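Since the structure comes first, as structure tokens, the remarks are kept for the end.
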Amino acid sequence: MKSKLTLLILILALSGVYIGYRMWNKPHLDIASAGPAASLTASELLAEYQSDESVANAKYLNKVISINGVIEAVSKEADQVSIRLATEDVMATVICNLDPFSSHAETEFVTGRNINLKGVCSGILTDVVLDRCVVINPSFK
Amino acid sequence: MQLKPVLIIAFLVSVTGSLPAQTGAGGRYFTRGAAIQFFSDSPLEKIEASTNSGNCVLDLATGKLEAAVLINSFNFKKALMQEHFNENYMESSKFPKAVFKGSLDKPQELTLSKDGTYKTMLKGEMTIHGITRPMQTEVVFRVGDGKIFAETAFDVTVADYGIRIPALMRDNIAKIVRLTVKSELQELKKT
């Protein structure tokens, strides 16, 4: 009887440790398989943010969105690749920071290319920023 | 409603345009890719996060500087930490950005067109988590090879900005976190 109780406590303790461990090591959201909450072009997204930031934040902030645009510039700093998508506003772009937790088929991008990315919207400063982006339409060379 | 950086630039342009011509220093500088790192060092764990999308505009004629960063853009190694940071502590859906507005001491001594290292104090107001507090820090400018780098490091007392850490987590999260900012500034060309 006593040994059964000990066994039960042991099993409970172990499963507690296991659940705790799983929670602690919870993986980052898998962007590639997440269904986007919205799908729009870089110009459309920027225009929505510029016309009313709080409305746009309510719609997109912290959500996975799919974005289409033309690459205006690419920068790489300490392994962080940032892709700037051109918009109709010459002063502002949509910045897409590639996800540091995903593996990417390509990390070199040419300007002028049409690209479709998925990422989490972080809001607007000068530019609208999407973090944790993954490329949806890889280029085939 | 926050002033858009574009408006701020426009404002700075109009303000400096109306000032009498100054000799030597001047010019406006900006970045949209400042690297900001966050360290919390507590007895139980070290927490680190970083982002590469800090914005900053500096008007050298007046020394005025404005900077902003999106809270959501900070990346943590652990997904759980990032979630807690955004949802429980910073409440980034309510307060999506942190903003600093202030000015540099003696901007006329910063000749960013000449190679060298320049140190100056930056004083102003920081808004984090919807709360605005005064703050100051030393900024170091390094000019060389046609590039201008600016960096600073400062401490932020979490409680100052109304960020509550539950008793259970008190040994895991530092009361004072360290922030470092590094960025390359570009001159804003007149169009």
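Only the coordinates and a few stated rules stand behind these numbers; no lab work does. Just so you know, these numbers come straight off a predicted model, no measurement behind them. Every residue, glycine among them, receives a Cβ derived from its backbone with ideal geometry; neighbour counts consider all protein chains shown.
Quick notes on this one:
- Chain B, helix-only ellipticity at 222 nm - DSSP H runs n ≥ 4, -39,500 (n - 2.57), divided by all residues, nearest 500: -3000 deg cm²/dmol
- Packing, taken as the mean count of other beta carbons within 10 Å per residue, orders the peptides A:125-133, B:50-58, A:82-90 from highest to lowest as A:125-133, B:50-58, A:82-90.
- Backbone N atoms of the stretch A:99-126 closer than 15 Å to the 7 Å Cα→Cβ label point of A:ALA32 belong to residues A:99-107, A:117-119.
- Exceeding the 25 Å Cα-Cα cut-off - candidates A:LYS76/A:LYS118; B:LYS77/B:LYS175; B:LYS64/B:LYS114; B:LYS119/B:LYS175; B:LYS114/B:LYS182; B:LYS64/B:LYS147: B:LYS119/B:LYS175
- When chain B is treated as a GNM with alpha-carbon contacts under 10 Å, the residue of B:LYS78, B:LYS123, B:LYS106 showing the greatest mean-square fluctuation is B:LYS78.
- Across all Cα atoms of chain B, the radius of gyration (one decimal) and Dmax (whole number) stand at 17.7, 58 Å.
- Based on alpha carbons, the Rg and Dmax found for the stretch A:31-135 are 12.5, 36 Å.
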